[in-house]
1. On the basis of being of a type outside the set (A, V, I, L, M), in a helix (DSSP H, G or I) and surrounded by fewer than 14 Cβ atoms within 10 Å (Cβ to Cβ), does Gly234 make the cut?
2. So Ala178 ticks every box in (1) in contact (Cβ under 8 Å) with a residue 12 or more places away in the chain; (2) open to solvent by 30 Å² or more (accessible area, probe 1.4 Å); (3) under 18 Å from the mean Cα position of the chain (by Cα) but one. Which box is left unticked?
3. Look at Ser23 and say whether it is closer than 24 Å to Ile230 by Cβ, open to solvent by less than 30 Å² (accessible area, probe 1.4 Å) and in contact with a Pro (Cβ under 8 Å, 6 or more places away or on another chain).
4. Could you give every pair whose Cβ atoms fall below 6 Å, whose first residue belongs to region 55-68 and is farther than 7 Å from Ser153 by Cβ, and whose second residue is of a type outside the set (A, V, I, L, M, F, W, C) and open to solvent by 40 Å² or more (accessible area, probe 1.4 Å), counting only separations of at least 6 or pairs across chains?
5. Of the residues that make up region 196-204, is at least one buried (at least 20 other Cβ atoms within 10 Å of the Cβ) and out of contact with any helix residue (DSSP H, G or I) (no Cβ under 6 Å at 6 or more places or on another chain)?
6. I'd like the full set of residues that are open to solvent by less than 70 Å² (accessible area, probe 1.4 Å) and out of contact with any Leu (no Cβ under 6 Å at 6 or more places or on another chain), limited to region 126-138.
7. For the condition of a type in the set (A, V, I, L, M), under 22 Å from Gly7 (Cα atoms) and under 20 Å from the mean Cα position of the chain (by Cα), what is the one hit in Ala39, Ala64, Ala32?
8. Among the numbered conditions (1) open to solvent by 10 Å² or more (accessible area, probe 1.4 Å); (2) assigned to a helix (DSSP H, G or I); (3) closer than 26 Å to Ala237 by Cα, tell me where Tyr56 comes up short.
Amino acid sequence: MTDGLLGADEPAPVLALRLDSPSPFVFVSDHAGRRLPRALGDLGLAPGELERHIAYDIGILPVARQLAAAFEAPLVAQTYSRLAIDCNRPTHVAQSIPETSELTEIPGNHLLSPEQREARVEALFRPYHDRIEALLDARAARGLPTVLMAMHSFTPVYMGVTRPWTVGLLYNRDARVAGPLLDLMNQDGAPYIGDRLPYAVDDLSDYTLPVHGERRGLLHVGIEIRQDLIAGPGGQADWALWLETMLRRLAVGLGNGEGGR
């Protein structure tokens, strides 16, 4: 049981695979799941809303699973919906528990008491980030190099505006991974890549990369794939394979020894 919000029979809030792996790559997925804790009901939403991008990053978990498996690398993923609490937002900002997502009202997130908000933090947000923190601490104690890879997907149309990019690289102050990876993707003739698009990372709009990447001084980057390209198994497999190829080339350049199989 997880601090009251989740029942003993409900799934754990964290999917964690190969935590002991020495691979330099560590994959995380903040918005992998779309499940809601039973105690929250449907948040006042129609069932179809939980199939949309407002609830989770469509298609990204299968891509992240395949990538992590290819490198025999750790994967840590959140299994509950970002509508319950967004694990890539600081808990003090409004979008941590959004009252509106894009143009959709989230009735079950309105007028929450401090105790109700804290219950979501304790049950969902904290276990996820504690697992990442423990993993990174253990790797540091073992002297393992780490490249933190935050995996996301983005909707092709947001607030009525079409987004043309097929994939984006996200970072803030530290471009040690994003710069070389962008060069490799461009050399490969990749379709329209967003450099800090569709989003730029910062300390208020993001949590995972600023806290687990920048503050620790770890190599890191966020990868955003457009959701229509990975909505089905074929696209997921194709993008996982292409990103594997790019990351193997990147690893050679970074000297992390993951270039071959």
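1. Details: of a type outside the set (A, V, I, L, M): yes; in a helix (DSSP H, G or I): yes; surrounded by fewer than 14 Cβ atoms within 10 Å (Cβ to Cβ): yes.
Spelling it out, Gly234 is indeed of a type outside the set (A, V, I, L, M), in a helix (DSSP H, G or I) and surrounded by fewer than 14 Cβ atoms within 10 Å (Cβ to Cβ).
2. (2)
3. Numbers: closer than 24 Å to Ile230 by Cβ: yes; open to solvent by less than 30 Å² (accessible area, probe 1.4 Å): yes; in contact with a Pro (Cβ under 8 Å, 6 or more places away or on another chain): yes.
It is true that Ser23 is closer than 24 Å to Ile230 by Cβ, open to solvent by less than 30 Å² (accessible area, probe 1.4 Å) and in contact with a Pro (Cβ under 8 Å, 6 or more places away or on another chain).
4. Pairs found: Ala55/Arg34; Tyr56/Arg34.
5. In the first step, residues of region 196-204 are kept if they are buried (at least 20 other Cβ atoms within 10 Å of the Cβ); the result is 201.
From what is left, the residues that are out of contact with any helix residue (DSSP H, G or I) (no Cβ under 6 Å at 6 or more places or on another chain) are none.
No, that holds for no residue.
6. Taking region 126-138 as the starting set, the residues that turn out to be open to solvent by less than 70 Å² (accessible area, probe 1.4 Å) are 127-129, 132, 134-136, 138.
If the condition is that a residue be open to solvent by less than 70 Å² (accessible area, probe 1.4 Å) and out of contact with any Leu (no Cβ under 6 Å at 6 or more places or on another chain), then Pro127, Tyr128, His129, Ile132, Ala134, Leu136, Ala138 are the ones that fit.
7. Details: Ala39 fails: under 20 Å from the mean Cα position of the chain (by Cα); Ala64 fails: under 22 Å from Gly7 (Cα atoms).
On inspection, the qualifying residue turns out to be Ala32.
8. Result: Tyr56 fails condition (2) only.
The values are calculated or read from the model by the stated rules, or taken from the named source; none is laboratory data. The structure presented is a predicted model; accordingly, all values stated were derived computationally and were not measured. Methodologically, a virtual Cβ is constructed for each residue, glycine included, from the backbone with ideal geometry; neighbour enumeration extends over all protein chains shown. Protein only, heavy atoms only, side chains kept; ligands, DNA and RNA dropped before computing areas. Shrake-Rupley method; radii C 1.70, N 1.55, O 1.52, S 1.80 Å.
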